[in-house]
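The values are calculated or read from the model by the stated rules, or taken from the named source; none is laboratory data. All figures in this text were calculated on a predicted structure; none of them were measured in a lab. FYI the Cβ positions are ideal-geometry reconstructions off the backbone, even for glycines, and counts take in every protein chain you see.
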Amino acid sequence: MYDISELKRCIGDLYEKHRGNNGGNVASYIPELGKANPDHFAISVVTVDGQEFSVGDSQHEFTIQSIIKPLAFLVALEIHGREKTLSHVGVEPSGDAFNSVELNPRTRLPYNPMVNAGAIAVASLIKGASPEAGVAALLQRLAIAVGRELRIDERVRDSESMTGSRNRAIAYLLHNFDVIDEQIDHTLHQYFSQCSVLVNSRDLAMIAATVANLGENPMSGKEAFALTYVRDAMAAMFTCGMYDYSGEWAYRVGVPAKSGVAGGIMAVINRQLGISVYSPRLDERGNSVRGIAVCTDLAEEFGLHAFEFMNPGSNFLRDA
Ligand code: GLN
């Protein structure tokens, strides 16, 4: 066991430092999301040996949105294996917006599972025998990953479904190119539902710590995700997790991460730590402004970047 007091101090400082940052706007293209309190702000960390710390509005629930994408990808890999899964979705960064209505022209597949087209292909792969079954199966995994039952925010789901023409267009495009089957409404129900799972920042850090702990919840020791595929999800997050900011994120922060348009970001420090930030004001790419700022500073202070030559602060983590 190691002492995380340094980490606690740093997170407290970063909370104060970035609290006054009012940059960005709450997402409103899904009308229900526009009702979020823009001032909410929380940071949580969970270590792989089960220590945790949160600051701010860490009990406030928000919808997971795109942060479900690497987790849904993990489930698809477990059900279908790599070959079949990768015959429906690639692992190439697109450099385009998350909701682009496009396929990779070379492969005629979605670029990767972290953009909507890829996530809708993945939703089709995990949708289950009935609309309820596929969602319930995913919720079961998440319950193991966070250590409590989670539920869907039906108002957000219905709000997105009613205004989701763009995602419908993507689904029809995918069907046209035989990437998904004809059960388009079933697939979209799975996709909209999984985006609308309610979490708080502590839950997200626990999910990130479960991934960092190679699929096992660090508190209960129970397996939420199969060890074999955890690296697949981390690789996809590392290269594609922050949309068209992914390259810059890899350069500046250098850890696998995923953001969602409700304002959450989760970052995974392999075999060490799960980090989450919640702050609903987004930049023009759809990433939380304060989330990026906090993760950038935290990675700098603790030398978390995967290719950091000194790892000054993380030595104490690595000694664990
Ligand atoms: N449900 C959202 C959408 O499809 C998820 C997008 C996101 O979080 N970037 O538009």
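On inspection, ALA123 does not qualify as more than 16 Å from the ligand (Cβ to nearest atom), of a type in the set (A, V, I, L, M, F, W, C) and part of a helix (DSSP H, G or I). Number of residues in segment 58-108 that are within 13 Å of the ligand (Cβ to nearest atom) and free of Cβ contacts under 8 Å to residues at least 60 places away in the same chain equals 1.
The combined condition, being at pLDDT below 95 and touching a helix residue (DSSP H, G or I) at 6+ places or on another chain (Cβ under 8 Å), is not fulfilled by GLY90.
Yes or no: segment 61-80 includes at least one residue that is closer than 21 Å to ILE30 by Cβ, among the basic types (Lys, Arg) and buried (at least 23 other Cβ atoms within 10 Å of the Cβ). Within segment 61-80, one or more residues are closer than 21 Å to ILE30 by Cβ, among the basic types (Lys, Arg) and buried (at least 23 other Cβ atoms within 10 Å of the Cβ).
Taking the criterion of being away from the ligand (no atom under 16 Å from the Cβ), in contact (Cβ under 8 Å) with a residue 60 or more places away in the chain and surrounded by 21 or more Cβ atoms within 10 Å (Cβ to Cβ), would at least one residue in segment 21-42 satisfy it? Lay out the reasoning, then the answer.
Here is the first cut: in segment 21-42, the ones away from the ligand (no atom under 16 Å from the Cβ) are 21-23, 37-42.
Imposing the further condition that a residue be in contact (Cβ under 8 Å) with a residue 60 or more places away in the chain reduces the set to 21-23, 37-38, 40-42.
Now drop any that are not surrounded by 21 or more Cβ atoms within 10 Å (Cβ to Cβ), which leaves 41-42.
Looking through segment 21-42, at least one residue is away from the ligand (no atom under 16 Å from the Cβ), in contact (Cβ under 8 Å) with a residue 60 or more places away in the chain and surrounded by 21 or more Cβ atoms within 10 Å (Cβ to Cβ).
Condition check ((1) aliphatic (A, V, I, L, M); (2) in contact with a Phe, Trp or Tyr (Cβ under 8 Å, 6 or more places away or on another chain)) across all residues:
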site	(1), (2)
GLY12	no, no
HIS18	no, yes
GLU32	no, no
LYS35	no, no
VAL48	yes, no
GLN65	no, no
LEU74	yes, yes
HIS80	no, no
LEU86	yes, no
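Scanning segment 190-229 for residues that are within 14 Å of the ligand (Cβ to nearest atom) and of a type in the set (Val, Ile, Thr), we see that the one that is surrounded by the fewest Cβ atoms within 10 Å (Cβ to Cβ) is VAL197. Scanning segment 244-261 for residues that are touching a Ser or Thr at 6+ places or on another chain (Cβ under 8 Å), at pLDDT 95 or above, within 16 Å of the ligand (Cβ to nearest atom) and in a helix (DSSP H, G or I) turns up just one, SER246. Regarding segment 233-242, can at least one residue be identified that is surrounded by fewer than 24 Cβ atoms within 10 Å (Cβ to Cβ) and either without any contact (Cβ under 8 Å) to a residue 12 or more places away in the chain or within 16 Å of the ligand (Cβ to nearest atom) (or both)? The answer is no, given that none of the residues of segment 233-242 is surrounded by fewer than 24 Cβ atoms within 10 Å (Cβ to Cβ) and either without any contact (Cβ under 8 Å) to a residue 12 or more places away in the chain or within 16 Å of the ligand (Cβ to nearest atom) (or both). Comparison of VAL45, VAL55 shows that the only residue that is assigned to a strand (DSSP E or B) and under 23 Å from ARG231 (Cα atoms) is VAL45. Starting from residues that are crowded, with 21+ Cβ neighbours inside 10 Å and away from the ligand (no atom under 12 Å from the Cβ), keep the ones in segment 149-189 and report whichever is nearest to the chain's Cα centre (by Cα). Within segment 149-189, the match that is nearest to the chain's Cα centre (by Cα) is THR187.
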